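Worksheet: the structure to be examined is printed underneath.
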Amino acid sequence: MTEKTLFEIKALYRDDFRVTGFSFGEGEKAACIVGSMRGNENQQMYCCSQLVRKLKELEEKGKIKNGKEILVIPCVNPYSMNIKKRFWSIDNTDINRMFPGYQEGETTQRIAGGVFDAIKDYVYGLQFASFYMPGRFVPHIRIMKTGFEDVELAKKFGFPYVILHTPRPFDTTTLNYNWQIWETKAFSIYTTTTEEIDRTSARWAVESVLGFLQRMGIIEYGGAAGYVSKVASTEEMITVRNRTAGFFEGKVSAGEHVRKGQILACIVDCCKGQIVDEIYSPAEGTLLFAHAEPKAYQNTAVYKIIPETEEW
Amino acid sequence: MITTVVKVKLPVNESLEIKKMRLEPEVKSCDKRISIVTGIHGDELEGQYVCYQLSDYLQKNIGLLKGTVDIYPALNPFGIDSITRGIPAFDLDMNRIFPGSSEGDMNEYLASQIIRDVAGSSLVLDIHASNIFLTEVPQIRINELHEKTLIPFAEEANVDFIWVHGASTVLESTFAHSLNTMGTPTLVVEMGVGMRITKEYGNQLFKGILHLMHRMGIWSGEDPEVRKPEKSFDHKDVCFLNASASGIFLKNAVHGAYVKKSEQIGAIVDPLSGTVIDEIKSPVDGWLFTIREYPVVNEGSLIGRILYD
């Protein structure tokens, strides 16, 4: 394992800002795995730290294939992680809205540019991503429809679902989008949580990434085969919203299969304690996402359902 | 008349309301409507003064009004109330969610209802105040896609500068882009600095709005003379000054001044060691239309912008 500084800037009163990468094997730039870009992405960084541990063990056993190099960057934004602020410390900009970056530009453009220069030539690009809405996901792979997406390859992670996402205007400045434009096969990996560490889904994700690297001929690994992935697009998904604001009492969790008409949650008046809204499933399917905050604003997307019939 | 544009109930004993003031004569002789909009970013307050001035002045001179004036002083009331640039609780830039969706979440719904209300105006001015880091001379920024429609309006708005910039996919989700795409001409005004009110700039724009209203036939009262703005149609004639190092920026140059090549704009210093880290000098002769206001800089922070002579 080689530890290297991919980008750094000097600060006035803080230690230098450093983006550190951990490299395994030598040769073709085979795979790059990126963890947290925002200060609250603990789960994303945790997954990468576990990958670093496992890849180090594999390298010591000679299991990284000759002529292949893997780079893991657990954290692109240590400054925000260390002060528990989601975005950049001074101007609140989001590094994942600055790609491909600009080395002569503003600070977060420079960070994005410096990091992108170091990672844009990898064959496979994997990012542990997070969603801006507070909630829990079923672990899945998400790819953007850019014309360069490779759905069959995404299935090789062995996750239960591959979600196809049509980019919105602001997606064009994300790492995943730009990786694809630069012809890296790019995938976003969603585990269950963001701030909170969920060791179970982290282990699942790490095993899936190692399984993928094995199937791509980059490492030798004898992990589990995983799922036969189902492919769904964000357009197919059914969003369930609450009509009234209040305390959110969820009755079901992400990953559960629900029937049409099944009660999913209640909304409770924050002052009077009575139920003011009951939320029922509009269709049969699997809950990809479930809201996980004590309160819900009116019309919040509290569940996302992949419509499907349960097969036994 | 003050009306509610959109209202949603919040979880705990409160509703979020976006309001507007509609001013019109009892008998309208002009069908045109001008909308003055501000407060998308909660830390930009320059537009508050303009809205106040306009509402106060027009109510006192309502007999001279021929058409309709809509004033929306706070599109992001939570942001203004909590000194937050984006939408509090969501960490979301409100100017990246337009045109919104009536079926979407609370913020998308708010955005869609705002657009529904403002769309169809003969002209919209969306007043911004840069951010807390930079001071700007009164200027109008125009996406090149809408240049032909908007420049004739912008030239009459009494601003110092018109900046036509290239199209960018990211900007497609802004309030102004959404309206311009729908055929409602919308000018983006940037002036002053975040968290402050610069009366001088506010008065300048107020006069510009009266002049525009006069030209459009909405207003038959005073028609102030307006200044001829500088124009830039390309980033190539704008020089960007970025911090070469992190430190404390001390400003020397006067905002809005013409600077000579090699003239000192300011310095980045290290108070701990008592040393000057870098002297910021102008690389060109030109007009310093943007200058950094907030002293703490990281490497790369924007220090200023100069329009080449």
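Okay, here's what the table says:
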quantity	calculated
Subset tally (residues that are part of a loop (DSSP other than H, G, I, E, B), within 14 Å of chain B (Cβ to nearest Cβ) and over 20 Å from A:Met133 (Cα atoms)) for the stretch A:275-308	1
Which numbered condition B:Met21 misses (of (1) within 14 Å of chain A (Cβ to nearest Cβ); (2) surrounded by 17 or more Cβ atoms within 10 Å (Cβ to Cβ); (3) touching a residue at least 12 places away in the same chain (Cβ under 8 Å); (4) not β-branched (Val, Ile, Thr))	(1)
Where A:Phe128 falls short, out of the listed (1) within 14 Å of A:Lys185 (Cα to Cα); (2) crowded, with 21+ Cβ neighbours inside 10 Å	(1)
Candidates A:Phe137, A:Phe99 - the one that is closer than 18 Å to A:Leu6 by Cα and under 17 Å from the mean Cα position of the chain (by Cα)	A:Phe99
Cross-chain or 6+ apart pairs with Cβ under 7 Å, the stretch A:103-116 first and more than 7 Å from every other protein chain (Cβ to nearest Cβ), then charged (D, E, K, R) and in a helix (DSSP H, G or I)	A:Gln103/A:Arg110
Single unsatisfied condition, A:Tyr190 versus (1) under 21 Å from A:Lys230 (Cα atoms); (2) surrounded by fewer than 20 Cβ atoms within 10 Å (Cβ to Cβ); (3) in contact (Cβ under 8 Å) with a residue 40 or more places away in the chain	(2)
Among (1) surrounded by fewer than 19 Cβ atoms within 10 Å (Cβ to Cβ); (2) touching a His at 6+ places or on another chain (Cβ under 8 Å), the one test that A:Ile197 misses	(2)
Of all residues in the stretch B:281-300 being surrounded by 23 or more Cβ atoms within 10 Å (Cβ to Cβ) and hydrophobic (A, V, I, L, M, F, W, C), the one that is farthest from B:Glu263 (Cα to Cα)	B:Val297
Checking A:Arg38 against (1) basic (Lys, Arg); (2) buried (at least 18 other Cβ atoms within 10 Å of the Cβ); (3) closer than 23 Å to A:Ile219 by Cβ, the condition it does not meet	(3)
Qualifying position, being more than 30 Å from B:Thr135 (Cβ to Cβ) and either out of contact with any Cys (no Cβ under 6 Å at 6 or more places or on another chain) or part of a helix (DSSP H, G or I) (or both), among B:Asp31, B:Asp70, B:Asp43	B:Asp31
Every residue from the stretch A:79-92 that is more than 10 Å from chain B (Cβ to nearest Cβ), buried (at least 18 other Cβ atoms within 10 Å of the Cβ) and either in contact with a helix residue (DSSP H, G or I) (Cβ under 6 Å, 6 or more places away or on another chain) or polar (S, T, N, Q) (or both)	A:Ser80
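This table checks each residue for (1) of a type in the set (A, V, I, L, M, F, W, C); (2) modelled with pLDDT of 95 or more; (3) assigned by TED's automatic domain parsing to the domain that holds A:Thr146.
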{"position": "A:Ala224", "(1), (2), (3)": "yes, no, yes"}
{"position": "A:Glu256", "(1), (2), (3)": "no, yes, no"}
{"position": "A:Lys260", "(1), (2), (3)": "no, yes, no"}
{"position": "A:Cys270", "(1), (2), (3)": "yes, yes, no"}
{"position": "A:Ile279", "(1), (2), (3)": "yes, yes, no"}
{"position": "A:Pro282", "(1), (2), (3)": "no, yes, no"}
{"position": "A:Gly285", "(1), (2), (3)": "no, yes, no"}
{"position": "A:Ala292", "(1), (2), (3)": "yes, no, no"}
{"position": "A:Tyr303", "(1), (2), (3)": "no, yes, no"}
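Results for (1) of a type in the set (S, T, N, Q); (2) over 18 Å from B:Ala154 (Cβ atoms); (3) surrounded by fewer than 16 Cβ atoms within 10 Å (Cβ to Cβ); (4) free of Cβ contacts under 8 Å to residues at least 12 places away in the same chain, shown as yes or no for each residue.
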position	(1), (2), (3), (4)
B:Val188	no, no, no, no
B:Met195	no, yes, no, no
B:Asp223	no, no, yes, no
B:Leu241	no, yes, no, no
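Residues are listed down the side, and each one gets a yes or a no for (1) assigned to a loop (DSSP other than H, G, I, E, B); (2) touching a Phe, Trp or Tyr at 6+ places or on another chain (Cβ under 7 Å); (3) over 30 Å from A:Gly125 (Cβ atoms):
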| site | (1), (2), (3) |
| --- | --- |
| A:Phe212 | no, yes, no |
| A:Glu249 | no, no, yes |
| A:Leu264 | no, yes, yes |
| A:Cys270 | yes, yes, yes |
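The values are calculated or read from the model by the stated rules, or taken from the named source; none is laboratory data. This is a predicted model, so every value here is computed, not measured. Note that each Cβ is placed from the backbone with ideal geometry, even for glycine, and that neighbours are counted across all protein chains shown.
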